[in-house]
Amino acid sequence: MGYYILRRLLIAIPSLLGISVVLFTVLALAPGDPFEELATNPAVPPEVRMALRAKFGLDDPVAVRYVRWITAMAQGDWGYSFVSRINVDQLILQRLGVTLFVIGSSQILALLIAIPVGVIAATRPYSVFDQIANTLAFIGFSLPTFFTGLLFILVFSIWLDWLPFVYQADIKAAGWRWYWEHIRQAIMPIAVLGLFQGASLVRYVRSAVLDVIRLDYVTTARAKGLGERVVIVKHVVRNALIPVVTLVALQMPAIFGGAIVTEQIFRIPGIGSLLISSILANDTPVIMAVTFVFACLVVLFNLIADILYGWLDPRITFR
Amino acid sequence: MQQRAPTFSPTREAWRRFRRHKLAVISAFILGLMVLAILIGPLIWRIPINQIDFAATLQGPSWKHPFGTDDLGQDLLARMLYGGRISLAVGLAAMFVAIFVGTIIGAIAGMSRGWVGSALMWLTDLFLSLPQLPRLLLVIYLFRDTLKGTFGPEGGTFILIVIVIGGLRWMPVARLVRAQFLSLREKEFVEAARALGASKVRQVVRHILPNALGPVIVAGTIDVAAAIIAESTLSFLGLGFPPDIPTWGRLLFDAKDNLDFAPHWALFPGAAIFLTVLTINFIGDGLRDALDPRRVL
């Protein structure tokens with residue numbers, strides 16, 4: 001098992017390096033020059049601009065610049081935000097917690113919806129419940145998150161006036177009230193992401209359960225007189241959920257996309273809204289770093305899923 | 001193939017299977033109506049999309065403006081009909097780009113028996129692990145100004161968005177095509193073609209590709225929906241089309257700050273995106289049933 005985890009970790013490193021190469025190539029291919037403003041400024045002579053370019057190494061070959069950039073990133077020097085005037089790694093660390101909280105809670109919500117609905121639908125295939133669940137799932141993942149978000153704001157904030165639609169990081173309250181206010185403002189973003197995600201997962205859970213429910217050991221469990229409930233919960237669902245673990249990990253990139261949109265709608269101060277605001281403000285170091293963090297998170301979740309998979313399913317060989 | 005009645009061509013058989021998926025047929029009908037409205041609507045509904053009327057700002061639906069007006073008094077029905085053309089065109093064009101690139105890479109990876117295939121698949125997985133939206137945003141951020149300068153704001157943005165969305169969605173298609181190729185290239189009919197001296201290109205184009213096309217068509221259908229969502233998301237974030245091109249996502253972006261007193265402004269374009277994506281997804285599901293010969297219906 002330890003060897004298996006180590007192997008997975010070693011596989012993750014080249015993909016991280018590959019991602020960094022892709023990101024840097026995109027940046028290097030892109031037109032535009034950080035000293036462009038100086039070029040149009042008549043007060044700055046061209047020699048000064050050239051000297052600056054030479055000082056920051058912009059005239060070096062791409063490979064040299066890449067190695068310099070990746071060593072700086074590896075040493076924790078992620079650059080300096082042009083707009084916020086603080087180090088990029090600090091800026092991202094401040095914002096990462098909120099994003100992970102929203103994504104994590106919405107994942108839990110998605111699983112809480114998808115697993116029961118998918119299991120019930122699979123135990124009664126082609127029944128009325130199954131068909132309604134399938135149709136609702138289609139509607140759920142066809143509703144773009146930006147539209148669900150606006151609908152939720154319209155219904156729950158404007159018409160019913162139940163929930164606040166602007167996320168506040170600094171709530172002036174103490175004790176239970178502080179927690180309550182935090183939960184209240186997190187309900188809508190989590191629901192938007194969680195419902196979307198749950199709708200996509202329902203169909204996977206259903207087909208995973210359908211695959212397992214026909215197997216012989218399930219028949220054996222029934223034959224020895226176990227109740228249907230025990231058969232489903234203890235024998236079928238346990239095994240059916242193994243592929244679902246991988247699917248949750250594979251869906252991670254889509255969830256990050258949804259999280260960016262949700263953070264933007266509800267003005268949550270996470271790294272998704274940081275990405276959008278830095279794009280609008282031309283803050284290149286932050287944009288590169290946030291994109292890289294998103295990619296790292298995807299690789300990390302894939303790694304966790306792989307390890308979980310190996311732990312849950314003893315049939316996987318730990319080569 | 002043998003047990004079918006000989007009078008049924010594959011197309012007719014697929015159509016018979018597709019018709020059994022009720023929701024897919026209804027969806028095809030609704031989507032057809034929407035496409036028709038977008039195509040001929042502007043010829044009938046002749047209010048210009050940029051006609052400003054300050055006497056009628058932020059009005060709800062009425063006979064004069066069936067979908068209401070925005071903050072400048074511009075007619076939303078006219079804007080949505082125009083924007084729908086852009087949204088659907090982006091969706092279709094991006095799908096073709098994705099299918100084209102994905103099929104080529106998948107075919108090369110599926111036919112090669114050496115390191116080329118594994119290298120291409122490693123590249124595919126690499127692109128897959130970069131989340132789609134941050135990737136899109138990064139590329140748009142870096143390239144938008146140059147393309148706008150070269151092709152003008154409208155054409156430049158269209159080309160950029162199509163290439164970016166389509167060019168970054170080829171990976172699932174490539175994996176699909178490769179998987180199909182890996183099993184098809186060992187089948188007897190391909191071996192027969194090989195034995196008859198067919199060149200590699202001929203084997204691929206005449207024998208393997210037509211048999212691999214079913215899942216690709218299904219993936220392509222669903223890609224149209226995904227591309228429409230991607231374009232709307234970009235426009236919704238204010239990073240897609242410029243304000244004078246009212247795509248559905250852009251309309252939502254403009255509407256979101258007026259949600260409390262003009263909900264119709266957001267509801268109509270949002271519903272249009274939702275309905276388009278939903279119907280395309282259902283059609284894709286129907287096509288999956290229709291084009292998968294292993295599925296008994």
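The values are calculated or read from the model by the stated rules, or taken from the named source; none is laboratory data. As the structure is a computational prediction, the values presented were derived from the model and not from experiment. As a convention, Cβ positions derive from the backbone with ideal geometry for all residues, glycine included, and neighbour counts pool all protein chains shown.
Please determine whether any residue of the range B:162-169 is outside any helix (DSSP H, G or I) and over 18 Å from the mean Cα position of the chain (by Cα). The answer is no; no qualifying residue exists.
A single entry from B:Leu251, B:Leu291 fulfils the requirement of being more than 9 Å from chain A (Cβ to nearest Cβ) and in contact with a Pro (Cβ under 7 Å, 6 or more places away or on another chain): B:Leu251. Of the listed requirements (1) farther than 21 Å from B:Leu137 by Cβ; (2) modelled with pLDDT of 75 or more; (3) surrounded by 11 or more Cβ atoms within 10 Å (Cβ to Cβ), A:Met73 misses just one: (1). So how many residues does the range B:254-281 have that are in a helix (DSSP H, G or I) and farther than 21 Å from B:Val224 by Cα? Here the count works out to 10. In the range B:226-247, which residue that is polar (S, T, N, Q) and within 12 Å of another protein chain (Cβ to nearest Cβ) is farthest from the chain's Cα centre (by Cα)? By that ranking, first place goes to B:Ser235.
Note on the range B:260-273: residues that are surrounded by 20 or more Cβ atoms within 10 Å (Cβ to Cβ) and either hydrophobic (A, V, I, L, M, F, W, C) or in contact with a Ser or Thr (Cβ under 6 Å, 6 or more places away or on another chain) (or both) amount to 7.
The listed residues are A:Ile268, A:Ile287, A:Ile255, A:Ile276, and the only one of them that is more than 8 Å from every other protein chain (Cβ to nearest Cβ), part of a helix (DSSP H, G or I) and either crowded, with 18+ Cβ neighbours inside 10 Å or of a type in the set (A, V, I, L, M) (or both) turns out to be A:Ile255. Only one of the numbered conditions (1) of a type outside the set (Phe, Trp, Tyr); (2) crowded, with 16+ Cβ neighbours inside 10 Å; (3) more than 11 Å from every other protein chain (Cβ to nearest Cβ) is violated by A:Pro144, and that is (3). Among residues belonging to the range B:254-268 that are more than 10 Å from every other protein chain (Cβ to nearest Cβ) and in contact (Cβ under 8 Å) with a residue 60 or more places away in the chain, point out the one that is farthest from B:Ala28 (Cα to Cα). Looking at the filtered set, the residue picked out is B:Asn258.
Among the residues in the range A:304-314, are any at pLDDT 80 or above and within 11 Å of chain B (Cβ to nearest Cβ)? No: the range A:304-314 contains no residue that is at pLDDT 80 or above and within 11 Å of chain B (Cβ to nearest Cβ). Out of the residues in the range A:101-111 that are in contact (Cβ under 8 Å) with a residue 40 or more places away in the chain and out of contact with any Leu (no Cβ under 8 Å at 6 or more places or on another chain), which is surrounded by the fewest Cβ atoms within 10 Å (Cβ to Cβ)? Top of the filtered list is A:Ile108. The condition of being farther than 27 Å from A:Met252 by Cα, of a type in the set (Ser, Thr, Tyr) and modelled with pLDDT of 75 or more holds for only one of A:Tyr80, A:Tyr66, that being A:Tyr66. Screening the candidates A:Val117, A:Val98, A:Val83, A:Val88 for the property of being in contact (Cβ under 8 Å) with a residue 40 or more places away in the chain, surrounded by fewer than 18 Cβ atoms within 10 Å (Cβ to Cβ) and either touching a strand residue (DSSP E or B) at 6+ places or on another chain (Cβ under 7 Å) or among the aliphatic types (A, V, I, L, M) (or both) yields one hit, A:Val83. Taking only pairs six or more apart or across chains, which ones have beta-carbon atoms under 9 Å, a first residue in the range A:229-248 that is touching a residue at least 40 places away in the same chain (Cβ under 8 Å), and a second residue that is among the hydrophobic types (A, V, I, L, M, F, W, C) and outside any helix (DSSP H, G or I)? If the second residue must be among the hydrophobic types (A, V, I, L, M, F, W, C) and outside any helix (DSSP H, G or I), the pairs left are A:Val236/A:Leu215. Tallying residues that are touching a helix residue (DSSP H, G or I) at 6+ places or on another chain (Cβ under 7 Å), among the polar types (S, T, N, Q) and within 30 Å of B:Gln132 (Cα to Cα) within the range B:166-209 yields 1. Residues of the range A:117-141 that are within 19 Å of A:Val192 (Cα to Cα) and away from chain B (no Cβ under 14 Å): A:Val117 alone.
Count of the range B:84-123 residues, restricted to those that are at pLDDT below 85 and crowded, with 21+ Cβ neighbours inside 10 Å, is 1.
Tell me, please, whether a residue that is farther than 23 Å from A:Phe294 by Cα, in a helix (DSSP H, G or I) and either free of Cβ contacts under 8 Å to residues at least 40 places away in the same chain or in contact with a His (Cβ under 9 Å, 6 or more places away or on another chain) (or both) can be found in the range B:173-186. Within the range B:173-186 (the criterion being farther than 23 Å from A:Phe294 by Cα, in a helix (DSSP H, G or I) and either free of Cβ contacts under 8 Å to residues at least 40 places away in the same chain or in contact with a His (Cβ under 9 Å, 6 or more places away or on another chain) (or both)), the answer is yes, since at least one residue qualifies. Here A:Ser157 meets the list (1) within 14 Å of chain B (Cβ to nearest Cβ); (2) farther than 30 Å from B:Gly284 by Cβ; (3) modelled with pLDDT of 80 or more almost entirely, failing just condition (3). Could you tell me whether the range A:163-177 includes any residue that is within 12 Å of chain B (Cβ to nearest Cβ), surrounded by 13 or more Cβ atoms within 10 Å (Cβ to Cβ) and within 20 Å of B:Leu252 (Cβ to Cβ)? Yes - at least one qualifying residue is present in the range A:163-177.
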